[in-house]
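The values are calculated or read from the model by the stated rules, or taken from the named source; none is laboratory data. What you see is a predicted model, and the numbers here were worked out from it, not measured in a lab. Please note: Cβ atoms are built from the backbone with ideal geometry, for glycine as well, and neighbour counts cover all protein chains shown.
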Amino acid sequence: MRKAMAALAAMLLITSCGGGGEGSGGGGDRIRVALVQGLAGEEFYETMACGARAKAKELGVDLDVQGPQKFDPTLQTPIVNSVVAGAPDAMLIAPTDVKAMIAPLTQAKQQNIKIILVDTVVEDPTIGLSRISTDNLKGGAAAAEALSEQVGGKGKVLVISTDPGVSTVDARIKGFEDEIKASHPGLTYVGVQYSHNDVGEASRIMNAALAKDADLAGVFATNLNSATGAGTALQQAGKLGKVKMVGFDAGPAQVKQLKDGVVQALIAQLPADIGAKGVEQAVAAVKGQEVTPSIPTDATIVTAANVDRPEVQKVLYKAGC
Ligand code: T6T
C-alpha cells in the first residue's frame, strides 16, 4: 500500500491544449456560467457542482448546473444545445464521449462561449481553454499497485469499466494494464469488461466472471457505478476478502463497502476542487485574463485504516452540498 500511496502522491496533472482566442464574453452584467455534468445526481458530479457553486458565490457569478440522466452523449448533446441557445459567457463540461461531443462543443465555441473541460476531455485539442482532471493514467497504475499488494502479487485479475470512448476510465485501464505488464509478472490479466456505467450490469459481469474463473484473485473497477455493482456481487457471492477489489471514486455506497470489507482500497478524486477551479478559469477567460491550460487535481487512497481520519473524510463524495 505504501508504494501505491507514493505513486498517488505523485499523482497530479492533466493534458492541456492551450486554447486562446475564443470569444469576447462578459458585457458588464454578472458573468453567466453553465456547468454540464456527465451524469446528474451522481455523487462525483454532485460534489463537483458543490465546489463550483461555492466558487461562483464567492466570485459573484451566476452558475447553472445541468446533467443527463445517463452518462450518454445522445442525452448530453441536447443539453449542450439548449445551454448554447441560452448564450452563457462560459461553459464547464464533462464530455461523455471523446468523439461524439466534438460537434456540439464546436457549435458552442463558434458562439464565442468559453469552454472549460472538467474531468473528461474530447479528442479535438482545440476544444477547451483549460482541461482540469485527475491524472487517470497514474491513478490506474496506482490501482494496479494496490491490487497486486492485496493479492500477494499473483493470480487472475479483471477490470470492470464503463464504456470505451470515455477519456478518464480509458486512461485508468491503460495505466493499470501498463503497470501490470511492467512490474507484476505474477498477475494474470483476464481483460476488461464494460458495464455501460450501470450498477446492475457491473454485478452481472462480476457474477459471470466468478462463475468462469473460480480462482479469480482480484478486480479493479474504474469508476463509482462499476465499483458499486461489482462489490454488491462479491458480497452476495460471499467472496468478501477472498476476491480483492480496488475501486476508483469514493461515493457513499463505496465507503460503506470499504467498511464492510467488500473493497480494500478506493481512489478518491477531488471533484469539488475540479469544479471550483473550473469556475475560476471560466471567469479568467471571460475577463480576457490569463487562463491556465493545465490544472492538476489531486487524489487520495482511502482504506479501512484511514477512512475515519478528518483529512480523508473531507475527500469523500457527497450526494448534495
Ligand atoms: O469516475 C468519475 C469520473 O471521473 C469519470 O469520468 C466518470 O465516472 C465518474 O463520474 C464516477 O462515476
- Say whether the condition of being part of a loop (DSSP other than H, G, I, E, B), under 30 Å from residue 53 (Cβ atoms) and within 13 Å of the ligand (Cβ to nearest atom) is met by at least one residue in segment 262-274. yes
- Being closer than 18 Å to residue 46 by Cβ and assigned to a loop (DSSP other than H, G, I, E, B) is the filter here, so list the residues in segment 73-94 that pass it. 94
- Would you point out the residue of segment 76-107, among those that are over 24 Å from residue 134 (Cβ atoms) and aliphatic (A, V, I, L, M), that is surrounded by the fewest Cβ atoms within 10 Å (Cβ to Cβ)? 85
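Restricting attention to segment 208-236, which residues are hydroxyl-bearing (Ser, Thr, Tyr) and farther than 17 Å from residue 146 by Cα? I'd like the intermediate steps shown before the answer.
So in segment 208-236, the residues hydroxyl-bearing (Ser, Thr, Tyr) come out as 222, 226, 228, 232.
Passing the criteria: 226, 228, 232.
Every residue, every condition in (1) among the β-branched types (Val, Ile, Thr); (2) within 19 Å of the chain's Cα centre (by Cα), yes or no:
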{"site": "216", "(1), (2)": "no, no"}
{"site": "246", "(1), (2)": "yes, yes"}
{"site": "250", "(1), (2)": "no, yes"}
{"site": "260", "(1), (2)": "no, no"}
{"site": "268", "(1), (2)": "no, yes"}
{"site": "279", "(1), (2)": "yes, yes"}
{"site": "289", "(1), (2)": "no, no"}
{"site": "295", "(1), (2)": "yes, yes"}
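Is it the case that residue 15 is at pLDDT below 95 and of a type in the set (Ser, Thr, Tyr)? Can you show your working first?
On the way: at pLDDT below 95: yes; of a type in the set (Ser, Thr, Tyr): yes.
So residue 15 passes the test.
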- In this structure, does residue 205 turn out to be closer than 20 Å to residue 151 by Cα and of a type in the set (Val, Ile, Thr)? no
- Message: So, in segment 42-71, exactly how many residues are part of a loop (DSSP other than H, G, I, E, B), out of contact with any Lys or Arg (no Cβ under 8 Å at 6 or more places or on another chain) and either hydrophobic (A, V, I, L, M, F, W, C) or without any contact (Cβ under 8 Å) to a residue 60 or more places away in the chain (or both)?
- Response: 4
- Task: Pick out the one residue from 242, 277 that is more than 13 Å from the ligand (Cβ to nearest atom) and either over 29 Å from residue 126 (Cβ atoms) or touching a helix residue (DSSP H, G or I) at 6+ places or on another chain (Cβ under 7 Å) (or both).
- Result: 242
- Query: Of 149, 123, which residue is over 22 Å from residue 249 (Cα atoms) and surrounded by fewer than 21 Cβ atoms within 10 Å (Cβ to Cβ)?
  - Reply: 123
- Looking at (1) crowded, with 18+ Cβ neighbours inside 10 Å; (2) within 16 Å of the ligand (Cβ to nearest atom); (3) more than 15 Å from residue 263 (Cα to Cα), find the lone condition where residue 209 falls short. (2)
